[in-house]
1. So what's the angle, to the nearest 10 degrees on a 0 to 90 scale, between helix 110-119 and the longest Cα principal axis of the chain?
2. Counting Lys +1, Arg +1, Asp -1, Glu -1, what net charge surrounds P7 among other residues with beta carbon under 15 Å of its beta carbon?
3. Hey, what's segment 105-206 come to in accessible area per residue, 1.4 Å probe, Å²?
4. How large is the accessible surface of L75 in square angstrom, using a 1.4 angstrom probe and rounding to the nearest 10?
5. Could you work out how far apart the two model spin labels at E89 and H322 are, taking each label as a point 7 Å from the Cα in the direction of the beta carbon, and quote it in nm?
6. How high is the relative contact order of the chain, given as a whole-number percent (alpha carbon pairs under 8 Å, six or more residues apart)?
7. Would you mind giving the three semi-axes, in whole Å and largest first, of the ellipsoid equivalent to segment 217-365 according to its Cα gyration tensor?
8. Using only helices, what value at 222 nm comes out for the chain when you add -39,500 (n - 2.57) per DSSP H run of length 4 or more and divide by the total residues, to the nearest 500 deg cm²/dmol?
Amino acid sequence: MKHIKTPQDIADMARGAVFLGTGGGGDPYVGELFLLQQLEEGRSPMIVTADDVADDAFVVSIAGVGAPTVLVEHLVSERTLLDLLARAEAFYGRKIDALISAEIGGANSMFPLALGARAGIPVIDGDGMGRAFPHLEMTTFSIDGITATPTVMIDDLGNVATVTTPNDRLAEDMLRALCNTLGAMVLGSFYSMSGKQMKQSAVRDTITQTLEIGRCIRESRETCEDPVSGLMTYLNDPKRGRYARVLFDGKITDVTHETRDGWHWGAVSLQSMTDANDKMVVEIQNEYLAARRNGKTAIIVPDMISILDRETAEPLTAEMLHYGLRVKVIGYSAVPELRTEKALKVCSPRQFGMNEDFLPLESLA
């Protein structure tokens, strides 16, 4: 068990969460502000490993649902978080023993830490995907049969809904419609499970990874002429089945954004810094889903895309992108749990409407 006690650690974790958010998941900056306030008031998030949790413990994910373009203007409400906890414990009929992120990328890495710090509930070092994804069924929890519902949903005005569905595909459709009705941003409790189920299904040590990635970027700025290269050295680890590539170095020539049906849709067009005819397009549905260089696929889901400022290696969410930014596009292989045949049935490119199958990053670039 360890406590996150310094503002520097929280800043590093938030930066790492943006990287693993692959453009989506919402900017964790609002969660970072909430956690800093908790530190000032003498409270800190308590992190435990999966193995620290008892098999009969009751574990729940706390997550936001909505469009990242809305979340960026939506501060975290302490009252709403505590109200959600009280209503969830009443709904499930038992005390929540530990929290876990549904997705470690973006703002949803911060909500369990924020509530855990405020309510004194430990947060498990892990999550349900090792990245961010836009659909409820695209977690290792759901893939292993731990359903997202029954769930309690709440917004900042105190509107509350409970939803139970037979599967997470239907849950996604119902909750997205509910979210859209409530202003495209709500908080909820998901994937209620035992400690034993969590140990069997969670992607482990991902809070630690956010901290390490953020710290690596910060320290690389201080020690390397090219901080992106320092980060690549950390990420590229074939012995652990993780591969990283710099896929493109260029400037943004166009960005389209649209908030529609509770989603952020868009595309980013880039041009090489050295060859005007060398171009890349990155497709967005909340997260970066695919990157195509001169029409050829360079990386595709569930493998991960991150766009970094080319000078500072600062990870950029999709809503931060604009014309003229000089960036590097990074490809990072998904956690092995998302590359299995079972997982690809719910998070392959075809599940996003693309007419192609998944090919691993290391075979494309």
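1. The two axes meet at around 30 degrees.
2. Working: positive: K5, R15, R43, R215, R218; negative: D9, D12, E32, E40, E41.
Result for the local shell: 0.
3. Numbers: 2920 Å² over 102 residues.
Per-residue accessible area for segment 105-206 comes out at 29 Å².
4. 120 Å²
5. 4.4 nm
6. Details: 888 pairs, mean separation 72.6, N = 365.
Relative contact order here is 20 percent.
7. Numbers: eigenvalues 107, 85, 40 Å².
The equivalent ellipsoid of segment 217-365 has semi-axes of 23, 21, 14 Å.
8. Values: 12 runs with 118 residues, N = 365.
Helix contribution divided over all residues of the chain: -9500 deg cm²/dmol.
The values are calculated or read from the model by the stated rules, or taken from the named source; none is laboratory data. Predicted model only: the values in this text are computed from it and were never measured. Ideal geometry is used to build each Cβ from the backbone, glycine not excepted, and the neighbour counts take in all protein chains shown. The area values use the complete protein model at the heavy-atom level, side chains included, leaving out ligands, DNA and RNA. Shrake-Rupley method; radii C 1.70, N 1.55, O 1.52, S 1.80 Å.
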